[in-house]
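Below is one structure; the comments refer to it alone.
Values in this text are rule-based calculations from the coordinates and carry no lab data. Keep in mind that what you see is a predicted model, and the values were worked out from it rather than measured. Methodologically, a virtual Cβ is constructed for each residue, glycine included, from the backbone with ideal geometry; neighbour enumeration extends over all protein chains shown.
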Amino acid sequence: MQIPADRIDRVREQWASERPDVDTSSMDVVGRILRVEHLADGRIRRTLRDAGLDRGGFDVLATLRRSGRPYRLSPTQLYEELVLTSGAMTHRIDALTRAGFVERIADESDRRSLLVGLTAQGTSTIERALDAHLQCEQELIAGLSATERERLAGLLRKLLHGIEGPHE
């Protein structure tokens, strides 16, 4: 089955006409990754908004939930895991605390420190949001067969490893 031309094909054709001296072949991959990200991001944001979260809040709650019981991490662990500044992490924690999704808890092993933990409301919210988020992701990749998904995942892993390097 022939896949119809897409926006990236049209952009490359325009560049070929205007600047035949430049190699736009990287757009076949990078341009499409960016376009997929843009389109998927909109759908994911709507899905999370319906669950009462934004992407940043979802990331924090999901990180706490997947950390295992008792679903608590230090702010430092959170910002390192999410690759954020401490200021950005504080802003997210403050917003999630106001919403009743997380609470600051004294660290029993170091009384000078606080942990961030999921509340009961935060736990139920992330459970609901995670289910909706994963359903959205399944819908986004529904046009690919299981074999195509595996092949694409492997290629993207290889590309990501080349960009991030072995330290990630």
Inset, instruction - At q = 0.13, 0.15 Å⁻¹, what is the base-10 log of I(q)/I(0) for the chain according to the Debye formula with one equal point scatterer per Cα and no solvent? Please give it to two decimals. - result: -0.82, -0.99
Legend entry - Ellipsoid equivalent to region 34-108 - semi-axes via the Cα gyration tensor, in Å: 24, 14, 12
Legend entry - Highest-first arrangement of 86-93, 143-150, where packing means the average Cβ count within 10 Å: 86-93, 143-150
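At 222 nm, what helix-only mean residue ellipticity would the chain give, in deg cm²/dmol to the nearest 500, using -39500 (n - 2.57) for each DSSP H run of four or more? Walk me through the numbers before you get to the answer.
Details: 7 runs with 106 residues, N = 168.
Only helices count here, giving -20500 deg cm²/dmol.
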Inset, instruction - Can you tell me the 0 to 90 degree angle between the C-alpha axis of helix 86-98 and the longest principal axis of the chain, rounded to 10? - result: 70 degrees
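Relative contact order for region 82-168: what percent, with Cα pairs under 8 Å and sequence separation of 6 or more?
Details: 40 pairs, mean separation 13.5, N = 87.
Answer for region 82-168 is 16 percent.
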